[in-house]
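Engineer: To start, I am sharing the structure in question, which I have written as structure tokens.
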Amino acid sequence: MDSKMKQIKSYVLRAGRMSPAQKKSYDEFFPKYSIEYKDHKIDLNNIFEQKKIVVEIGFGMGDATWQIAKENPDVGYIGIEVHTPGVGKLLHQMKSHNLSNIRVIEHDAVEVFNNMLESESLDGVHIFFPDPWPKKKHHKRRLIQVDFINNILKAVKPGGYIYAVTDWEEYAEHILDVFESIDSLENPYNGFATAQDWRPRTKFENKGLDKNHKINEVLFRKNS
Ligand SMILES: C[S@@+](CC[C@H](N)C(=O)[O-])C[C@H]1O[C@@H](n2cnc3c(N)ncnc32)[C@H](O)[C@@H]1O
């Protein structure tokens, strides 16, 4: 890319402080449980003993991440997030719940999928409450766009899934349209998916529910 061209980011780095306990967990566990961003493909089999690998993009404070990982010890989870206090919180939860099947990548997920993840290496991808960027002039910042989803799908195994949830109705329609426009994806539901009871609530979900927002789920499978 032309060095003068700045890629539009799907996030704005928020301020936020870690509690002393989160900071301690970050310092202790980040070296052990993080994967350093690389601009070349990495072999995930060297990282996890688990055969199945699921990525969560933008895990926020990691509420869903650690609970899903605790329920599924046979799956390795990679959480990608740019918000350092959230990374600290997730590492703290890993320590509190004695979990070792999570790795974090503290980097822009767009670059991680562009450069780092091998094709057909993932069993699933979770995107819970991506920033909705409600103003029309900001829609270009939305994470879920055809090009990015196609890039994600390169990394997903045939038969794997992609699962997005949002409380922003117009974004939900957009996500459904994007997924439906991709030939390699199949919708096992008629439109939006039924609520998946294995998905724990997150901080941003609670914020949406407090405002009486409807939660919409979109879950498609990559053709085998
Ligand atoms: C609205 S919050 C939702 C957080 C969490 N999933 C939840 O439900 O509470 C969206 C999160 O996505 C992260 N994010 C946005 N774009 C990202 C990107 N390109 N790479 C990594 N994280 C990203 C933001 O930092 C933020 O924490």
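The values are calculated or read from the model by the stated rules, or taken from the named source; none is laboratory data. Keep in mind the model is a prediction, meaning the values are calculated, not measured. Using ideal geometry, Cβ is built from the backbone for each residue, glycine included, and neighbour counts are taken over all protein chains shown.
Engineer: Got a sec? Which of V104, V75, V146, V125 is more than 16 Å from F48 (Cα to Cα), crowded, with 17+ Cβ neighbours inside 10 Å and modelled with pLDDT of 95 or more?
Structural biologist: On the way: V104 fails: more than 16 Å from F48 (Cα to Cα); V75 fails: more than 16 Å from F48 (Cα to Cα); V146 fails: crowded, with 17+ Cβ neighbours inside 10 Å.
Selected residue: V125, the only one of V104, V75, V146, V125 that is more than 16 Å from F48 (Cα to Cα), crowded, with 17+ Cβ neighbours inside 10 Å and modelled with pLDDT of 95 or more.
Engineer: Return the pairs, sorted by first residue and then second, in which the second residue is part of a strand (DSSP E or B) and small (G, A, S), the first residue lies in the stretch 170-189 and is closer than 11 Å to Q145 by Cα, the beta carbons are less than 8 Å apart, and the residues are 6+ apart or on different chains.
Structural biologist: Here the result reads I175/A164; F179/A164, each pair linking the stretch 170-189 to a residue that is part of a strand (DSSP E or B) and small (G, A, S).
Engineer: Restricting to the stretch 36-59, name every residue that is touching a Leu at 6+ places or on another chain (Cβ under 9 Å) and of a type outside the set (K, R).
Structural biologist: I42, L44, I53, V54, V55, I57, G58, F59
Engineer: If you don't mind, another one. Hey, among the residues in the stretch 128-143 that are in a loop (DSSP other than H, G, I, E, B) and within 13 Å of the ligand (Cβ to nearest atom), which one's surrounded by the fewest Cβ atoms within 10 Å (Cβ to Cβ)? Write out each step before concluding.
Structural biologist: Just the residues of the stretch 128-143 that are in a loop (DSSP other than H, G, I, E, B), to begin with: 129-135, 142-143.
Next, only the ones that are within 13 Å of the ligand (Cβ to nearest atom) stay: 129-134, 142-143.
Numbers: F129: 22, P130: 21, D131: 17, P132: 23, W133: 17, P134: 11, R142: 20, L143: 22.
Ranking the qualifying residues of the stretch 128-143, first place goes to P134.
Engineer: Let me ask something additional. Restricting to the stretch 177-224, name every residue that is charged (D, E, K, R) and out of contact with any helix residue (DSSP H, G or I) (no Cβ under 9 Å at 6 or more places or on another chain). Steps first, please.
Structural biologist: We begin by selecting, within the stretch 177-224, every residue charged (D, E, K, R); these are 177, 180, 183, 186, 197, 199, 201, 203, 205, 207, 210-211, 214, 217, 221-222.
Scanning the stretch 177-224 gives D177, E180, D183, E186, D197, K207, D210, K211, R221.
Engineer: Okay, next question. Which of the numbered conditions does N206 fail, given that it passes all the others? Conditions: (1) without any contact (Cβ under 8 Å) to a residue 40 or more places away in the chain; (2) more than 10 Å from the ligand (Cβ to nearest atom); (3) over 30 Å from K38 (Cα atoms); (4) not acidic (D, E).
Structural biologist: (2) is the only condition that N206 fails.
Matching residues to (1) of a type outside the set (A, V, I, L, M, F, W, C); (2) over 19 Å from K95 (Cα atoms); (3) over 19 Å from the mean Cα position of the chain (by Cα); (4) outside any loop (DSSP other than H, G, I, E, B):
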{"residue": "V12", "(1), (2), (3), (4)": "no, yes, no, no"}
{"residue": "G16", "(1), (2), (3), (4)": "yes, yes, yes, no"}
{"residue": "A21", "(1), (2), (3), (4)": "no, no, yes, yes"}
{"residue": "D27", "(1), (2), (3), (4)": "yes, no, yes, yes"}
{"residue": "K32", "(1), (2), (3), (4)": "yes, no, yes, yes"}
{"residue": "K38", "(1), (2), (3), (4)": "yes, yes, no, no"}
{"residue": "V55", "(1), (2), (3), (4)": "no, yes, no, yes"}
{"residue": "M61", "(1), (2), (3), (4)": "no, no, no, no"}
{"residue": "A64", "(1), (2), (3), (4)": "no, no, no, yes"}
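Engineer: While we're looking at this one, here's another question. Return yes when E170 is among the charged types (D, E, K, R), within 16 Å of G58 (Cβ to Cβ) and part of a helix (DSSP H, G or I) and no when it is not. Write out each step before concluding.
Structural biologist: Numbers: among the charged types (D, E, K, R): yes; within 16 Å of G58 (Cβ to Cβ): no; part of a helix (DSSP H, G or I): yes.
When the stated conditions are applied, E170 does not pass them.
Engineer: Filter the stretch 76-104 for residues that are hydrophobic (A, V, I, L, M, F, W, C), free of Cβ contacts under 8 Å to residues at least 60 places away in the same chain and away from the ligand (no atom under 11 Å from the Cβ) and give the result. Don't jump to the end; show me each part of the working.
Structural biologist: Taking the stretch 76-104 and keeping what is hydrophobic (A, V, I, L, M, F, W, C), we get 78, 80, 82, 87, 90-91, 94, 99, 102, 104.
This time we only want the ones that are free of Cβ contacts under 8 Å to residues at least 60 places away in the same chain, so: 78, 80, 90, 99.
Passing the criteria: I78, L99.
Engineer: If the requirement is being within 14 Å of the ligand (Cβ to nearest atom), polar (S, T, N, Q) and out of contact with any Phe, Trp or Tyr (no Cβ under 8 Å at 6 or more places or on another chain), which of these qualifies: N72, N114? It would help to see each step written out before you state the result.
Structural biologist: Working: N72 fails: within 14 Å of the ligand (Cβ to nearest atom).
None of the others qualify; the one that does is N114.
Engineer: Okay, next question. Take H107 and tell me if it is assigned to a strand (DSSP E or B) and within 10 Å of the ligand (Cβ to nearest atom). Even if it seems obvious, please write down each step before you answer.
Structural biologist: Details: assigned to a strand (DSSP E or B): no; within 10 Å of the ligand (Cβ to nearest atom): yes.
Considered against the rule, which asks whether it is assigned to a strand (DSSP E or B) and within 10 Å of the ligand (Cβ to nearest atom), H107 comes out as no.
Engineer: Charged (D, E, K, R) and either modelled with pLDDT under 95 or over 18 Å from the mean Cα position of the chain (by Cα) (or both): is that true of E217 in this structure?
Structural biologist: Details: charged (D, E, K, R): yes; either modelled with pLDDT under 95 or over 18 Å from the mean Cα position of the chain (by Cα) (or both): no.
Answer is no for this residue.
Engineer: Something else now. For F220, indicate whether it is without any contact (Cβ under 8 Å) to a residue 60 or more places away in the chain, closer than 15 Å to H126 by Cα and assigned to a helix (DSSP H, G or I). Let's see the steps before the verdict.
Structural biologist: On the way: without any contact (Cβ under 8 Å) to a residue 60 or more places away in the chain: yes; closer than 15 Å to H126 by Cα: yes; assigned to a helix (DSSP H, G or I): no.
For F220, the condition - without any contact (Cβ under 8 Å) to a residue 60 or more places away in the chain, closer than 15 Å to H126 by Cα and assigned to a helix (DSSP H, G or I) - is not met.
Engineer: May I ask you to list the residues in the stretch 41-61 that are under 26 Å from R201 (Cβ atoms) and out of contact with any strand residue (DSSP E or B) (no Cβ under 6 Å at 6 or more places or on another chain)?
Structural biologist: Result: G58, G60, M61.
Engineer: Let me ask something else about it. What number of residues within the stretch 33-51 satisfy the criterion of being within 13 Å of N101 (Cβ to Cβ) and surrounded by fewer than 16 Cβ atoms within 10 Å (Cβ to Cβ)?
Structural biologist: Filtering the stretch 33-51 down to residues within 13 Å of N101 (Cβ to Cβ) leaves 33, 44, 47-51.
This time we only want the ones that are surrounded by fewer than 16 Cβ atoms within 10 Å (Cβ to Cβ), so: 47, 49, 51.
Qualifying residue count, the stretch 33-51: 3.
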